[in-house]
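A.B. asks: Provided herewith is a single structure, encoded as structure tokens, for subsequent inquiry.
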Amino acid sequence: MTTGFERDRDDFARGARAIVVLPDQGNASRDADARLAETAGLALAIGVEVVEKIAFRVRAPKPATLIGSGQVEQLAAQVRMEEAGLVVIDGSLTPVQQRNLETALEAKVIDRTGLILEIFGERAATAEGRLQVELAHLDYQAGRLVRSWTHLERQRGGFGFLGGPGETQIEADRRLIRDRMARLRKELDQVSRTRGLHRDRRQRAPWPIIALVGYTNAGKSTLFNRLTGADVMAEDLLFATLDPTLRQISLPGIDKAILSDTVGFVSELPTQLVAAFKATLEEVVSADLLIHVRDIAHPDTEAQRADVESVLAEIGVSETTPRFEAWNKLDLLDDDARADATADAARRDDVVALSAMTGEGVDVLVREVAAKLTAGHRRYTIRLDAGDGAAAAWLHQHGEVLGSDTQGDTAIYDVRMSPADYDRFEQR
């Protein structure tokens, strides 16, 4: 049964006319136009129609409204002219700033964190993803209480705050939020334990884990699909992938490896989401190798790289974890930029330039990843009874059989494998 609030929210969110505002505080690492375009893309991801993008120079943030009073008046006039029902502030707003801006602009106002949470709320496809998003949203809303939380049991997931303000029974609401968050954390702890058991089982097997990481919309899912033949959602859309996907692949010298597609990162990723998605991101922490997929055609590609590395450090990924950078979207570069990127990548042993869309360079990445994962492998000469098919199959599955010969009742195999696998073979 759909509640009145849910109907209001859907009517408002889908097709709402919105103005995107960047309070520019002179952050030199980011291009203002690119930042506005990214936030407009985030709004588009929930079906909002962006009718205007505005950057305001903010020398000193105002405690009451973030931007200056003259800028508020200018924005209010723009809201009226465009008949906008939503204003997206590309920054963080305090509850007081959000409330004051809504009063002055006579429109709904959300900040960057709220917008990202809204997208995650719509996109989470699995029960685990919904739990994570709801926990993150409750954590964010706890200090705001812009609507009643007394109907949590009847609302889907507890996220989605583009609707009306509702009633305000603040103490009861706070208690409901605390209780609901405690239940969610308990459920997520169970999810994390289950995922840990699965991960332990995989780690006992000899298969290496490879995780694709990168900024949102860098092309991770397109590369994942090309490497695995899977059909994961891959669109020119921010946060197209939220729930992790694991697939088995074969690499030169490696019969089986596990490839993981993960949620994309973004600048100023809400801390609530980093914490809530910890169970999902544990796949990245435990990976044997990371492939950092970068949109090399994006004007802020270097800043995006720094954002991804920052989040990886925040979730506990070791700096010693082997990694490659896949400079993706070569097909979007002009001839000169493409030649420069290809030459730069060729000079480094941890970078491969490619196009996941066309397939150019993907075979090089596969070879490089296989070489990195097998770098510690050695050659062994192993003698078996010619009739021991199970042992021969084990060698083919866990190592690279370079050659074989039969002398009477003895089969001789020349095999390249890791010392750990050789020890396990000897213990069979």
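A.B. asks: Assuming R0 = 22 Å, can you tell me the calculated FRET efficiency for the pair Val191 and Ser318, based on Cβ-Cβ distance, to the nearest 0.05? Don't skip to the answer; put the middle values down first.
C.D. replies: On the way: r = 24 Å, r/R0 = 1.07.
Here the calculated transfer efficiency is 0.40.
A.B. asks: I'd like the FRET efficiency for Thr410 and Val366, computed as 1/(1 + (r/R0)^6) with the beta carbon distance as r and R0 of 41 Å, rounded to 0.05.
C.D. replies: Values: r = 35 Å, r/R0 = 0.86.
The formula returns an efficiency of 0.70 here.
A.B. asks: Once you order the gyration tensor axes a ≥ b ≥ c over the Cα atoms, which shape class does region 378-426 get: rounded for a/c under 1.5, otherwise prolate or oblate by comparing a/b with b/c?
C.D. replies: Prolate shape, in that a/c is at least 1.5 and a/b is the bigger ratio.
A.B. asks: How would you rank 408-418, 37-47, highest first, on the average number of other Cβ atoms within 10 Å across their residues? Let's see the in-between values first.
C.D. replies: Numbers: 408-418: 15.7, 37-47: 20.3.
Going by the mean number of other Cβ atoms within 10 Å, highest first, we get 37-47, 408-418.
A.B. asks: Can you tell me the length gained on complete extension of the stretch Ser310 to Leu246, counting 0.36 nm per residue apart and subtracting the Cα distance?
C.D. replies: So the extension gain works out to 20.6 nm.
A.B. asks: Go through Gln71, Ala107, Ile54 and say which Cα lies farthest out towards the positive end of the charge dipole of region 4-118; charges sit on Cβ, +1 for Lys and Arg, -1 for Asp and Glu.
C.D. replies: The residue sitting farthest along the positive end of the dipole is Gln71.
A.B. asks: Okay, next question. Need the full-extension length gain, Arg428 to Ala60, defined as separation in residues times 0.36 nm minus the C-alpha distance. One decimal, nm.
C.D. replies: 125.6 nm
A.B. asks: How would you rank 320-332, 254-266, 355-367, highest first, on the average number of other Cβ atoms within 10 Å across their residues?
C.D. replies: 254-266, 320-332, 355-367
A.B. asks: Compute the signed sum of charges (Lys and Arg +1, Asp and Glu -1) over the other residues within less than 14 Å, Cβ to Cβ, of Met181.
C.D. replies: Working: positive: Arg174, Arg175, Arg178, Arg180, Arg183, Arg185, Lys186; negative: Glu134, Asp139, Asp173, Asp179, Glu187, Asp189.
Residues close to Met181 contribute a combined charge of +1.
A.B. asks: Here's something else I'd like to know. Using the Karplus curve 6.51 cos²θ - 1.76 cosθ + 1.60 with θ = phi - 60°, what ³J(HN,Hα) values do you get for each residue of region 223-229, in whole Hz, with x for Gly and Pro?
C.D. replies: Running phi through 6.51 cos²θ - 1.76 cosθ + 1.60 with θ = phi - 60° gives 5, 4, 5, 5, 6, 10, x Hz.
A.B. asks: Taking a 30 Å limit on the Cα-Cα distance, which of the listed pairs Lys108/Lys186; Lys108/Lys220; Lys62/Lys220; Lys62/Lys108 fall beyond it? Kindly include the intermediate steps, with their values, before the conclusion.
C.D. replies: Working: Lys108/Lys186 33 Å; Lys108/Lys220 33 Å; Lys62/Lys220 39 Å; Lys62/Lys108 19 Å.
With Cα atoms farther than 30 Å apart: Lys108/Lys186; Lys108/Lys220; Lys62/Lys220.
A.B. asks: With charges set only on the Cβ (+1 for Lys and Arg, -1 for Asp and Glu), what does the dipole of region 4-118 come to about its Cα centre, in debye to the nearest 20?
C.D. replies: Values: 14 positive and 18 negative charges, 74 e Å.
Approximately 360 debye in magnitude.
A.B. asks: Report, in debye and to the nearest 20, how large the dipole of region 317-414 comes out about its Cα centre when Lys and Arg carry +1 and Asp and Glu carry -1 on their Cβ.
C.D. replies: Dipole about the Cα centre, nearest 20: 340 debye.
A.B. asks: Something else: Round to the nearest 0.05 the FRET efficiency obtained for Ala77 and Ala339 when R0 = 51 Å and r is the Cβ-Cβ distance.
C.D. replies: It comes out at approximately 0.60.
Only the coordinates and a few stated rules stand behind these numbers; no lab work does. Note that this is a predicted model, so its numbers are computed, not measured. Cβ sites come from the backbone with ideal geometry, for glycine too, and all protein chains shown count toward neighbours.
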